[in-house]
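A.B. asks: Sharing a structure below in structure tokens format, with a few things to ask.
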Amino acid sequence: MTTTASVHDKMHGRPDTGHRRRVTVFADGADVIQMLTAYRAGVVGGFTTNPTLMARAGVTDYEAFGREILAVIRDLPISFEVAADDRREMARQARKLASWGNNVFVKIPITTTAGESMIPLVRELSGEGLRINVTAVMTLDQVSAVVDAVDADTPAICSVFAGRPARERQAQAPRALGQPARSAQRVPGGRVRLPHHRRHTRPDRQAAAQGQGSRRVLARDR
């Protein structure tokens, strides 16, 4: 993963130092034993979690879980996500989560479920010195907005659902070549499907595929 501070330099035309960007692997989960095992093995550079993963792991006390992990893992970034869906409560929870430790990054979704942008909140909290992990980032425009919102002197993470910007570029490419752009379609189950090129198929396989009602699904929402 890459911090938004390093992305900020690249996007705003600052000189390339020639150094390669280092890829760091973060473990995503809420199983205490697995997290501590990965930490002691030295195989990851940080951790992320969220309320959904904690519920699946049987966590019933958010703060007790967080403090148990932080009592052992003090030197790697750990992201804890707010559980609210409105700006005011997100802000309150973010400040409380950040108070748990200096290595805590607070996960703030890029938008609420109603579609309200949380970029103003990200700017506010990052300006206060909170380490923010902006999550559920779906588009290149959102990446740019995050980069502009975070404080240059405060560490931050931009969690991109990588398939989305890739599909965005894929859809834009034909337009740049003078061809109609392909548009994504949402299908039942929250999945996203892109039209694909026709290809020659043996008649027997084509009939079988049509009989099964098959379709090509290229990505699933996380």
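The values are calculated or read from the model by the stated rules, or taken from the named source; none is laboratory data. Worth saying up front: this structure is predicted, and the values here are computed from it rather than measured. Here the Cβ positions follow ideal geometry from the backbone for every residue, glycine too, while neighbour counts run over all protein chains shown.
A.B. asks: Could you please let me know if E124 is surrounded by 15 or more Cβ atoms within 10 Å (Cβ to Cβ) and over 19 Å from the mean Cα position of the chain (by Cα)?
C.D. replies: Values: surrounded by 15 or more Cβ atoms within 10 Å (Cβ to Cβ): yes; over 19 Å from the mean Cα position of the chain (by Cα): yes.
Judged against the criteria, E124 is a match.
A.B. asks: Residues being of a type in the set (A, V, I, L, M), surrounded by fewer than 17 Cβ atoms within 10 Å (Cβ to Cβ), touching a strand residue (DSSP E or B) at 6+ places or on another chain (Cβ under 8 Å) and at pLDDT 95 or above: count how many of those fall in region 51-101.
C.D. replies: The qualifying residues number 2.
A.B. asks: Is it the case that some residue within region 12-34 is over 17 Å from F105 (Cα atoms), surrounded by 15 or more Cβ atoms within 10 Å (Cβ to Cβ) and at pLDDT 95 or above? Give the derivation first.
C.D. replies: Start the filter on region 12-34 by keeping residues that are over 17 Å from F105 (Cα atoms), which leaves 12-23, 31-34.
Then drop every residue that is not surrounded by 15 or more Cβ atoms within 10 Å (Cβ to Cβ), which leaves 31.
Remaining after also requiring at pLDDT 95 or above: 31.
Yes, because at least one residue in region 12-34 is over 17 Å from F105 (Cα atoms), surrounded by 15 or more Cβ atoms within 10 Å (Cβ to Cβ) and at pLDDT 95 or above.
A.B. asks: Moving to a separate point now. Looking only at region 117-132, count every residue that is out of contact with any Pro (no Cβ under 8 Å at 6 or more places or on another chain) and within 21 Å of T52 (Cα to Cα) and tell me the total.
C.D. replies: Taking region 117-132 first, the residues out of contact with any Pro (no Cβ under 8 Å at 6 or more places or on another chain) are 117, 119-130, 132.
With within 21 Å of T52 (Cα to Cα) added as a condition, the list becomes 132.
The qualifying residues number 1.
A.B. asks: Would you check which residues across region 29-54 are in contact with a helix residue (DSSP H, G or I) (Cβ under 9 Å, 6 or more places away or on another chain) and not aliphatic (A, V, I, L, M) and list them?
C.D. replies: G29, D31, Y39, R40, F47, T49, P51
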